[in-house]
Amino acid sequence: MTRTNDDHDFATSTTPHDTTGITGGDTDNTAATSDTPPIEELKIETTSHDDLLNGGPRDKNGKPRIPFANWLYAVVFIVVDMAAVLIMQTGVTENSTRVKLSSPLLGAWSIVGKMFTSLNFVFVLNLILVGMFYLALLMLTNRIWVASPIVLALASVIAVADHFKVESRYEAILPSDMNFLQSNTGDIVSFIPTGSTGLIAGVVIGIVVFIALFVFLSHIDGRHGSMVRGGGSAREASLGAITRILLIVLPVMFLGLYTAQAGTVGSWARNFSSWLGDTPSMWDSVYDAQRNGVVTSFLRQMNPDVMEEPKNYSEATMKKIAAKYAAEAKTINASRSNNLTDSTVVYILSESFSDPSRVPGIKLNEDTMPNIRSIKQNTTSGLMLSSGYGGGTANLEYMGLTGLSMANFSSSLTSPYQQLVPSESWTPTINQLWGSPANSIAFHPYEPSMYSRATNYKKFGFSHFYALEGSDIIKYQNKIGKSPYVSDESTYKSALEEISGTDDNQFVQIITMQNHMPYKNWYANNQYKVTSTDSDTELGKTETESIETYAKGVSLTDKATKEFLDKLNKLDKPVTVVFYGDHLPGIYKTASKDTDNSVVLHETDYFIWSNKASGTQGTKVSNSEYSSPNFFVAQTAEHMDAKVSPYIAFLTLMHEKIAAMEPPVANKIQGWDRIPEGQDIYLDSKGNPMAESDFDSETKQLLEDYKLIQYDITAGKGYLKSLGFMTLG
């Protein structure tokens, strides 16, 4: 009995026992032909070998769907590559204080327009870099309809993360943030700005749409998006496998080699990037990402240079420097009567503390810091030039503890705590002057792993690091209102018990958390109200709420700090406190739109205060109106009338010539146009800008010596370690 083709999936017209019309044996072919279609007809109506191999979907008639052509795959690749680059660009093109943009979309498109207006092809550079990743992923999955939505989803997530960071800190995503994500995943939500639910929901919906679109395309594509098909033979299969491996390995190698060299001047990667129009602007990570592309600006920081080696760096040079400043220390010490380590010194890094009344364009109905304002008037105090705005705490902390300046590092070194300290063999910090690690303790009412503090503090020589987790748990953890952060009052209380509980002199490091972002109306009965001083400008709802919440937090810090100092004042042991705000909060959206406000938004408050038992209470040293944290140890020694090491002697002389120094914060500030774009910011004792071209020979020599000292400690051979450079006189 014979069956028609409608009964079969394969090309056959008989039962297994009836080979009539197939084998052409002894049976009558004419009779067979009357029951079955010709062989040629079977081949047309049935599924081919390749179709079976690919398993393509069929239409309603049972025929395979038509596979998409290779040229169409190429078009999809280019479109997705371009879309990914532009999506990422939108994350860094809003709320810019440097580039005026009417919308994120137009800002993203500006990187494309430069190809036609100025023959700048950084867009192509970013396409190549993203394309290499895309190609490797494509070959790994061997499905364009799988790789494409993954690339677009990743681009969307990066854009949102950049948007949040730019909005809150005016800083693009940096490689050091990857370390933060690894150890602080659970804390990410607390860093999302207020009012971001709609944006997040929109991105999630967009990603779902991407996935749905590509699932549909895969369904109608007879190849299911397969990029490399090996065919039916073993040879074809092997050739396909080799092709895929090569197209995975080669792009990964290119990206790896590029990343390793992109931050090195003179390398092939740096020259290649420059040829396509890349102009590093790393003093401002947001501007750099806007100007050169998110991917380009990120990858050049993956393998940063610490510092460029000074031309005359050698053991002989460092011996001369050690001897030079040993002589300066001897001169300084001849007129000083105290020892730095005969007192307890407390460094208080007050999270985001600054005077809101100095911010242009706003006015508060009540003073937020009357106590600290009074303290500043009666002791060494002034304004501190901060390298951060809305973030960068660890960098200010690093400078305060080491006496080194971020201005001396390569611009690609953005986070010493994560990029430098973990690999250093010698890391001298000022707490080590107090000798035994038992005399160095630190307090931070948050996660100890943030910015690798737990590891770094151990390396710095701290015996205890009291935090919310780990072996040393901070004792008092009270919070105020709805705030998620431990109050300054509790932090001070924890530190006070340790300070008063021993007769030994200590170095105590305190990093508070109370005034950390976000600022979401945490406090009940908040009396602070903010208004705009410009009748034509109205503060937004989110900005208003953030400023008023922050103002209340500052007032609580003001009160808690006075109470802490009052209690220290009752101790019989000498105590000196160095108090400073690390940076302004990133909440002043209106003020930050004006580039003339760049520097004022990088100025915080600081003071150096001593209790009655110290014998130096009420001291107000000269040249203190402006400073930066790298000079605090020198100022503290002067305030305490304490003897210095050759290193502190150097910092004392450096501070006399340059009151404050930080990496660039902008290129055009009112009255600052004579300072070249990208130059470090130097202020004199009155806060006036200083250009390197105007420095006298002594200042230039001090800067050269500073770079030699810093290079030897961080990237050089550590010649100073054995030369007594850090030893107190």
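The values are calculated or read from the model by the stated rules, or taken from the named source; none is laboratory data. Because the structure is a prediction, the values reported are computed rather than measured. Reconstructed Cβ throughout: ideal geometry from the backbone, glycine too, with neighbour counts over all protein chains shown. In case anyone asks, the SASA skips ligands and DNA or RNA and just uses the protein heavy atoms, side chains included. Shrake-Rupley method; radii C 1.70, N 1.55, O 1.52, S 1.80 Å.
Structural remarks
- In this structure, residue 530 qualifies as within 14 Å of residue 366 (Cα to Cα), touching a residue at least 24 places away in the same chain (Cβ under 8 Å) and either in contact with a Ser or Thr (Cβ under 7 Å, 6 or more places away or on another chain) or of a type outside the set (A, V, I, L, M, F, W, C) (or both).
- Condition broken by residue 351, with the remaining ones in (1) open to solvent by less than 30 Å² (accessible area, probe 1.4 Å); (2) farther than 30 Å from residue 638 by Cα; (3) of a type in the set (D, E, K, R) satisfied: (2)
- Residues within region 469-490 that are farther than 30 Å from residue 714 by Cβ, in contact (Cβ under 8 Å) with a residue 12 or more places away in the chain and either open to solvent by less than 30 Å² (accessible area, probe 1.4 Å) or not acidic (Asp, Glu) (or both), tallied: 15
- Cross-chain or 6+ apart pairs with Cβ under 8 Å, region 536-565 first and in contact (Cβ under 8 Å) with a residue 24 or more places away in the chain and surrounded by fewer than 20 Cβ atoms within 10 Å (Cβ to Cβ), then of a type in the set (Phe, Trp, Tyr) and in a helix (DSSP H, G or I): 563/492
- Count - residues of region 684-700 that are open to solvent by 40 Å² or more (accessible area, probe 1.4 Å), under 19 Å from residue 653 (Cβ atoms) and not in a loop (DSSP other than H, G, I, E, B): 5
- Selection status of residue 716, touching a Leu at 6+ places or on another chain (Cβ under 9 Å) and part of a loop (DSSP other than H, G, I, E, B): yes
- Screening residue 637 on (1) surrounded by fewer than 24 Cβ atoms within 10 Å (Cβ to Cβ); (2) under 22 Å from residue 705 (Cα atoms) shows it passes everything except condition (1).
- Single residue of region 602-634 satisfying the filter (open to solvent by less than 10 Å² (accessible area, probe 1.4 Å) and assigned to a helix (DSSP H, G or I)) that is nearest to residue 585 (Cα to Cα): 629
- Residue 343 vs. criteria of a type in the set (Gly, Ala, Ser) and either open to solvent by 40 Å² or more (accessible area, probe 1.4 Å) or touching a Phe, Trp or Tyr at 6+ places or on another chain (Cβ under 6 Å) (or both): no
- Going through (1) assigned to a helix (DSSP H, G or I); (2) open to solvent by 30 Å² or more (accessible area, probe 1.4 Å); (3) under 29 Å from residue 446 (Cβ atoms) one by one, residue 387 falls short only on (1).
- Among residues of region 717-729 that are among the basic types (Lys, Arg), those with a Cβ under 9 angstrom from a residue that is part of a loop (DSSP other than H, G, I, E, B), sequence gap 6+ or separate chain, pair up as 717/313; 721/426; 721/428.
- Residue match in region 376-383 (condition: of a type outside the set (A, V, I, L, M, F, W, C), open to solvent by less than 20 Å² (accessible area, probe 1.4 Å), touching a residue at least 60 places away in the same chain (Cβ under 8 Å) and farther than 25 Å from residue 649 by Cβ): no
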